[in-house]
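Inspection log for the structure reproduced underneath, given as structure tokens.
Please treat every number below as a calculation from the coordinates, not as lab data. Because the structure is predicted, anything quoted here is derived from the model rather than measured. For neighbour counting, all protein chains shown are included, and Cβ atoms are generated from backbone atoms with ideal geometry for every residue, glycine included.
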Amino acid sequence: MRWKSFVLNLKSSDRIHNINLTKEVFAKPHKRTSQLKWTGNMVDFVELLYALHAVGYINGGQATLAELFREMGESFDIDVKDYSSYFRNIKNRAERTKFLDELKRVLTEKMDKMDEK
């Protein structure tokens, strides 16, 4: 309701003249359609998204952490409220890139097994 009041106040404002209101403005948020669900732990999810952000491969490096966590969280049905505190903990641990190291190890093992066949 706040959004609707905000938009209606804007429309009636002397400074805003041509707001075209459509049903989409007031539509309910879209229902999650992805069947994918993150089943790892929260810390690993945070480590992965910080790595994606650091490498800059999402939107040419222009995506913010907030955008990444919102969009990826919706895609994988996980809601990380305070990702920066998780990241502080990751930075302070002895093995800083524990999950990324595990990903590399597991993928390398899979490729090695495929080479054996």
Any idea which of Ile58, Ser85, Met111 is furthest toward the positive side of the dipole for the range 56-117, if Lys and Arg beta-carbons carry +1 and Asp and Glu beta-carbons -1?
Ser85
Peptide ranges 105-114, 52-61 listed from the most packed, as the mean C-beta count within 10 angstrom indicates:
52-61, 105-114
For the range 33-116, what does the relative contact order come out to in percent, with C-alpha contacts under 8 Å and a separation of six or more?
34 percent
Please give the contour-minus-distance gain from Glu67 to Arg93: 0.36 nm per residue of separation, less the Cα-Cα distance, rounded to one decimal in nm.
6.8 nm
Is the C-alpha gyration tensor of the range 38-84 telling us rounded, prolate or oblate? Criteria: a/c under 1.5 is rounded; beyond that, a/b larger than b/c is prolate, otherwise oblate.
prolate
Tell me the label-point distance for the pair Met111, Tyr57, using the 7 Å Cα-to-Cβ offset, in nm and rounded to one decimal.
1.2 nm
